[in-house]
1. Given R₀ = 41 Å, what would the calculated FRET efficiency be for residue 548 paired with residue 298, taking r from the Cβ atoms and rounding to 0.05?
2. With Cβ to Cβ distances under 14 Å as the rule, what net charge do the other residues near residue 80 carry (K, R +1; D, E -1)?
3. Hey, quick one: spin label on residue 527, modelled 7 Å out along Cα-Cβ, who in region 371-388 has an amide N within reach, i.e. under 16 Å?
4. Considering only protein heavy atoms, with the full assembly of protein chains and a 1.4 angstrom probe, order 273, 140 by accessible area, largest first.
5. Residue by residue through region 228-239, what is 3J(HN,Hα) from phi via Karplus (6.51 cos²θ - 1.76 cosθ + 1.60, θ = phi - 60°)? Round to whole Hz and write x for glycine and proline.
6. Taking 22 Å as the cut-off for C-alpha to C-alpha distance, list the pairs among 157/268; 78/123; 248/306; 121/154; 128/154; 268/306 that go past it.
7. R0 = 60 Å: FRET efficiency of residue 161 with residue 126, Cβ-based, nearest 0.05?
8. In the structure shown, do any of 471/545; 486/521; 455/521 have a Cα-Cα gap over 25 Å, and if so which?
Amino acid sequence: MNLKLFDKITVKNYKSFDEIGGGFEQILPINVIIGKNNSGKSTLIDLVGFLTDNNHDFLNGGRNGIGTEVLVSTTLKKEVVSIIFRKGENSSSYYGFPSNYEYGKQFIGREYTYQIESNGKKKYVEIKGTYDDVALNDIRAFADVIKTPLTDYKICKITAERDIIPESNKGDLSLNANGTGATNYIQQIINRTDQDSRLIENELLEELNNIVKPDIDFSRILIQLENSNNYWEIFFEDAKKNRVALSKMGSGVKTILLVLLNLITRPKVERTRPNAYIFAFEELENNLHPSLQRRLFSYISAYSTKNSAYFFLTTHSNVVIDSFSTSDDAQIIHVSHDGNEAKTTSIVSISETKDLLNDLGIKASDLLQSNGVVWVEGPSDRNYINKWIHLINPELKEGIHYSIMFYGGKLLSNLTFDYEWFNRDVIPLLKINGNAFVIMDRDGKSLNSKLNSTKDRISDEIGTENFWITKGREIENYITNDVITKWLNDDHRIAMRNKKFDNDVNTKLEVNIQNIRKDVKLKYNLSKTNYSAEIIKYMEEESLKILDLEDKVKLLVSKIENWNNK
């Protein structure tokens, strides 16, 4: 869509913003406002509300005895210039120009700033560039004909504190920003003959399922009157006819339902086009799992594109950065506060993104819901690494202190840890997370085998202190004789016949097993993930004392501890 409503809006001397002020450098279809609590995010929503509902009490909320100022900077367009400097009118004031318009053309494309006053009028502030003083009155008149931004829109809000609760019957169709009225709103649409119940029972339910699946799948939404208190209650049914009251469900479902009531139901009930609204939603991520956040934000993005609708989203969530940071139709505005005043920054560079994450208290990997990424070849490696980390430091938890990601063996040749490789069509892993540790199989036929070029390159880029290449042929060569013997005997009833298992460091695990028992049919490589999950049950701290395993795991644990102490 890539639409822009206007160039710049600044609010000064309001709540946390001082005389320098803050605001929006531009407006895009999706405007994400992110920052700490009490940094000034809601102030920007107040600013949007002032522009849409024309409530000029906003301008009376100045700080330190100084009145609030709202300044708009816009680029003068031909249509505006031609209203003041009319075509066809002979010039009587501007020497050397045949008409007023010929003189006025010089102002097309210039930046023009005006102030919105408490009486609703607009006052000229400045225009970039030089001009003849005799034209000043005409230049001031531009403010009168420029349309104040957002005045044609209706604001539709959802506040950070919200809930949907059982409600008594009311005749009106009103939906409040904090969720009050939502139950009665649904009840009225379902039960009133002048409303179309399919709007709730079919359309809204379908979109709700599109967001919450595969975690939940509702077959029906319905409303019931509870005789005990004469309150209406929203219920959901699943395919097995199990019925659950919304009041007994998590607040995440309530948030999604409230979003859909505003996006789907409200425009149709009010007979208003979706693109006639400004949707201002605060902290939708509250009590939503990251995967559900992504689906909800993806839905909002698609809705914005389909309906040419504009959104202002305040958030603390780093998930929103993933959702919108690469979109041409979205911008991220960082609101920060130094204890005295707030400021706003539009995030356009990697360094500004880092500042944003630091300000939110987010460590480098919170984009992946952890503080660092351990890159391994596949799921079986993940099982072993998690177990070994637990043996050294059982306090460290995957998904909290670190994440494990898969590079998929030969896919590693398409990855890089060097920003200079951007133009070589590779995937910059450090852009995903600057705290990274890579574990790779040596794969050579002997301890002295030369590493391939990809392994050498990754080692050079990430540094040897963040790189572990197995001393044996593969990670399974770190499994001790005792562990494999117990696993084969207890889980698969394969006795080793009192023969010592010889874990040749240059041979694959299933070959090592068959070297002792030629009759064993177990094919480890065909089900590595399942077998590795069985094997780790027999690992204890003593089983780390093989090859360089204990030293490498301690190095990795030390890295993870450092990631979480920054």
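The values are calculated or read from the model by the stated rules, or taken from the named source; none is laboratory data. These numbers come from a predicted model, not from an experiment. All Cβ positions, even for glycine, are placed from backbone atoms using ideal geometry, and neighbour counts span all protein chains on display. Protein only, heavy atoms only, side chains kept; ligands, DNA and RNA dropped before computing areas. Shrake-Rupley method; radii C 1.70, N 1.55, O 1.52, S 1.80 Å.
1. Plugging the Cβ-Cβ distance into 1/(1 + (r/R0)^6) gives 0.40.
2. Once positives and negatives cancel, what remains is +4.
3. 380
4. 273, 140
5. 5, 10, 6, 10, 7, 9, 8, 10, 10, 10, 9, 5
6. Among 157/268; 78/123; 248/306; 121/154; 128/154; 268/306, the Cα-Cα distance tops 22 Å for 248/306; 128/154.
7. Working: r = 40 Å, r/R0 = 0.67.
My answer for the efficiency is 0.90.
8. 455/521
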